[in-house]
Amino acid sequence: MHRGYRCAFILALLIACVQTTGCHGSTSTRLQVSTSSLPNGVIGEPYVAELVATGGTPGYTWSQTSGGDMPDGVSLGSSGVFNGTPTKAGTFGPYVFKVTDSASPSNTALTPKLSITVTNGSAVVAAACETAGDEAALTRATPYAFLLKGTDASGNPISIAGSFTPNGSGGISNATADYNGFSSGPEHLQVNLAASSYSFGSSSLGCLSLAFSGAVVEAANAKNVGMSPSFGHATVVRARSASTRAPATTAIPNLQFAFSLGAFDGTVYQTGGIITSGITSDAANASGIIHVQVPGAFSLGSLQPHYAFGMDGWTAGSNGYFRTAIAGSFANSAGALSAGYADLNAGGTSSGELIGGRGTLNSAIDATTGRGTGTYTVPTAGGNLTFDFAFYILNKSDFILLSTDSSVTAGSAPLLSGRVLASNATYAAGALSGDYLLASQGLERNGNTVANLAQIGTLTATRAGAIPSAILYINDAGTYSRTPYSNSSYDLNAASGRVSITGLSATPPVLYLTAPGTADDQIAGFLVGSDTQASSGLLVRQSTSAPAYGLSSFSGNYAASTQEDVDGLSGAALGSFSSLRTGQYFAMRKSTGSVPNLPTSGSITINPDGSGSLNGGTFPFVTSGALIFAIPDTGDPLLYVFTADKLAN
């Protein structure tokens, strides 16, 4: 062959190779399926769905390889588009479909197993909660908001926020929810009240079942996709599932939760834990908080002039998701947010103090659920971090927040969620003074895999800026340690409530203080780590005088739950923890996934400083008497939170 022709021939082969999947592992344009689920259908309504593929050589042909007959009245065309109108209810499949591209030779790819559910009405009927006997303890006067974080069936991160109002007899009178995740993107979900239910028992354990009839149609809102700053290389990355898809392809059919309430003030249960316990299309494992709402605060005019916040979540990178945590403060004037301060940890890289945060809380707040929307921008060295969000007002000093931008692709705004609490306009020296608890979580690399980091501790601070004593109890990917510190210090920014700490580990956290007395669960500040694990958590007031705890500090019922399973490998657990002055305890529990460590029953040991252990010493804890933070001393750890039926000591 002539040399010139041979070179041209080789070049043509290389170009063809790049356009297919057969060239020594090159996957930049590999043929792959984007569809990970199919929407539900309704009898008598046209079925609208399309199978989607990317990569390879465009010009795709689809065919069915398994799963039997399609729903009556529906067929699949070779273009991947479903046609027809369902005529019979039921769940059909699971199907597997094959896509073939136009390359020569052709490439093929298979979908995961997909099912289609056809119903008689506009919503899937949720599995009803079984009556537990004390439904009347929750009434129309007391709506509850919730925030959960975890993973979907594909192992991708999700967050769920919402509000529901019980009717006192097992029904739901008002409700809405926001769902955001890396498999499906953001959705504001419309609740089918007639198909939803709740139950509640004397053990303070409850069930909540919400059925959804699709996404709420809202006014167009500019989303901030692509407006995240450049975060650089993350040190610890969680794997991305191959089943991610374009955002908001279908509404979630229904969600079921288990919850446990504590902090009973004689009339109303205040706060507790909540986990997912069932979802028809997605075996989610998520956990978080549930908190009573005050409807009289559902307006911008009721909110405070200054707030501190703590949020965490995930950012999509080129090779997976990395942990992202942020804490800060801002001023509020009728919904105009300004004078913002923040510290950001993106995948293990800390920003230091960031100044100039600004945003908006929109005036339209739902009068029944306390839901509103807004946007916030944090200037960073790599560009502006801007995100839209939904928020749910708990009371005039407290609300929860969930970002509502699509976070699926690299360069998108991160998926963030967390809590916002009233703070002071300025802080005097000594604002951090007394005894406190610390609790935080992060993501650790353990060999070739990732694992959880969970840490708790006690801390004593003086008005002079000293931290003369602190003890941290850490389970780092299964390695447990107890480390005392006796010569730490802190510096307080009077304008922002920012506390920078020196000497408390090699990578001490930064804190943003709340206003004393505004959080009924004793949160005194939000924590963001400077560590490679991108840890985040809480500072909690322990006592105003020298701690002197004993077995008598524990008596009564506690709502117990895990916090987010950061590595997505363990699941979630919930219970009602009861303790006796004799030092014995027992716990009723529910769990999802395969939680490796669960405190069950046994004896309590406690030290005067509020540290102690459960399960014969295998569960170290720290406590204020009203709150307990606990972690296992072996295995992949989860952070457990116990809330007493009465928060006051």
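The values are calculated or read from the model by the stated rules, or taken from the named source; none is laboratory data. Just so you know, these numbers come straight off a predicted model, no measurement behind them. Ideal geometry is used to build each Cβ from the backbone, glycine not excepted, and the neighbour counts take in all protein chains shown.
When the residues of region 65-75 are filtered to those that are assigned to a strand (DSSP E or B) and in contact (Cβ under 8 Å) with a residue 24 or more places away in the chain, which remaining residue is surrounded by the most Cβ atoms within 10 Å (Cβ to Cβ)? Quick ask: steps written out before the conclusion?
First, the residues of region 65-75 that are assigned to a strand (DSSP E or B): 65-66, 74-75.
When the remaining residues are screened for being in contact (Cβ under 8 Å) with a residue 24 or more places away in the chain, the result is 65-66, 74.
Values: 65: 11, 66: 12, 74: 21.
The residue in question is 74.
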### Message
Residue under question is residue 558, and the condition is that it be closer than 22 Å to residue 474 by Cβ, of a type in the set (Ser, Thr, Tyr), modelled with pLDDT under 95 and in contact with a Gly (Cβ under 9 Å, 6 or more places away or on another chain); does it hold?
### Response
no
#### Entry: Within region 444-506, strands (runs of 3 or more DSSP E) holding 3 or more residues that are among the aliphatic types (A, V, I, L, M) and buried (at least 22 other Cβ atoms within 10 Å of the Cβ)
449-461
### Query
So which residues in region 123-163 are at pLDDT below 90 and at positive phi, if there are any at all?
155
### Summary
Out of (1) under 30 Å from residue 450 (Cβ atoms); (2) in contact with a Lys or Arg (Cβ under 9 Å, 6 or more places away or on another chain); (3) surrounded by fewer than 22 Cβ atoms within 10 Å (Cβ to Cβ); (4) free of Cβ contacts under 8 Å to residues at least 60 places away in the same chain, the one residue 354 does not meet is (2)
### Query
What single numbered condition from (1) under 18 Å from the mean Cα position of the chain (by Cα); (2) surrounded by fewer than 21 Cβ atoms within 10 Å (Cβ to Cβ); (3) farther than 23 Å from residue 200 by Cβ fails to hold for residue 591?
(3)
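Got at least one residue in region 97-112 being surrounded by fewer than 19 Cβ atoms within 10 Å (Cβ to Cβ) and touching an Asp or Glu at 6+ places or on another chain (Cβ under 6 Å)?
Our first condition is that a residue be surrounded by fewer than 19 Cβ atoms within 10 Å (Cβ to Cβ); within region 97-112, this holds for 98, 100, 102-106, 108, 110, 112.
Adding the requirement that they be touching an Asp or Glu at 6+ places or on another chain (Cβ under 6 Å) leaves none.
Checking region 97-112: not a single residue is surrounded by fewer than 19 Cβ atoms within 10 Å (Cβ to Cβ) and touching an Asp or Glu at 6+ places or on another chain (Cβ under 6 Å).
Criterion first (in a strand (DSSP E or B) and either under 20 Å from residue 47 (Cα atoms) or at pLDDT 90 or above (or both)) does residue 99 satisfy it?
Values: in a strand (DSSP E or B): yes; either under 20 Å from residue 47 (Cα atoms) or at pLDDT 90 or above (or both): yes.
When the stated conditions are applied, residue 99 passes them.
Specify which of the listed residues (319, 395) is farther than 22 Å from residue 179 by Cβ and at pLDDT below 95. Don't jump to the end; show me each part of the working.
Working: 395 fails: at pLDDT below 95.
Unique residue meeting the criteria: 319.
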### Residue check, residue 37 under 15 Å from residue 95 (Cα atoms), outside the structural domain of residue 212 (by TED's automatic domain parsing) and in a loop (DSSP other than H, G, I, E, B)
yes
### Message
Please pick out the residue among 89, 49, 103 that is of a type in the set (A, V, I, L, M, F, W, C) and closer than 23 Å to residue 408 by Cβ.
### Response
49
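Please work out which residue is modelled with the lowest pLDDT, limiting yourself to region 563-580 and to residues that are at negative phi and of a type in the set (Gly, Ala, Ser).
Step one: list which residues in region 563-580 are at negative phi, which gives 563-567, 569-570, 572-580.
Okay, now just the ones that are also of a type in the set (Gly, Ala, Ser), so 570, 572-573, 575-576, 578-579.
Numbers: 570: 88, 572: 91, 573: 90, 575: 87, 576: 82, 578: 81, 579: 78.
Here the answer is 579.
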### Query
Before we move on, is residue 142 β-branched (Val, Ile, Thr), crowded, with 18+ Cβ neighbours inside 10 Å and part of a loop (DSSP other than H, G, I, E, B)?
yes
### Message
If I filter region 43-64 for residues that are buried (at least 18 other Cβ atoms within 10 Å of the Cβ) and charged (D, E, K, R), do I get at least one hit?
### Response
no
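Of all residues in region 41-64, how many are closer than 24 Å to residue 105 by Cβ and not in a strand (DSSP E or B)? Explain how you work it out, then say what you get.
Looking only at region 41-64, we keep the residues that are closer than 24 Å to residue 105 by Cβ, and these are 51-64.
Within this subset, residues satisfying the condition of being not in a strand (DSSP E or B) are 51-52, 55-60.
Going through region 41-64 one residue at a time, the tally reaches 8.
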### Message
Suppose we filter 609, 636, 645 for residues that are of a type in the set (Asp, Glu) and under 22 Å from residue 261 (Cα atoms); which single one remains?
### Response
645
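Filter region 308-319 for residues that are assigned to a strand (DSSP E or B) and of a type in the set (Gly, Ala, Ser) and give the result.
Quick first cut of region 308-319, residues assigned to a strand (DSSP E or B) only: 308-317.
Scanning region 308-319 gives 308, 310, 313, 316, 317.
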### Total residues in region 405-432, condition modelled with pLDDT under 95 and among the polar types (S, T, N, Q)
4
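In region 313-350, what residues are of a type in the set (S, T, N, Q) and within 22 Å of the chain's Cα centre (by Cα)?
Our first condition is that a residue be of a type in the set (S, T, N, Q); within region 313-350, this holds for 315, 318-319, 324, 329, 332-333, 338, 345, 349-350.
Within region 313-350, 315, 318, 319, 324, 329, 345, 349, 350 meet the criteria.
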#### Entry: Matching residues in region 320-348 - criterion: being assigned to a strand (DSSP E or B), farther than 15 Å from residue 526 by Cβ and touching a His at 6+ places or on another chain (Cβ under 8 Å)
331, 332
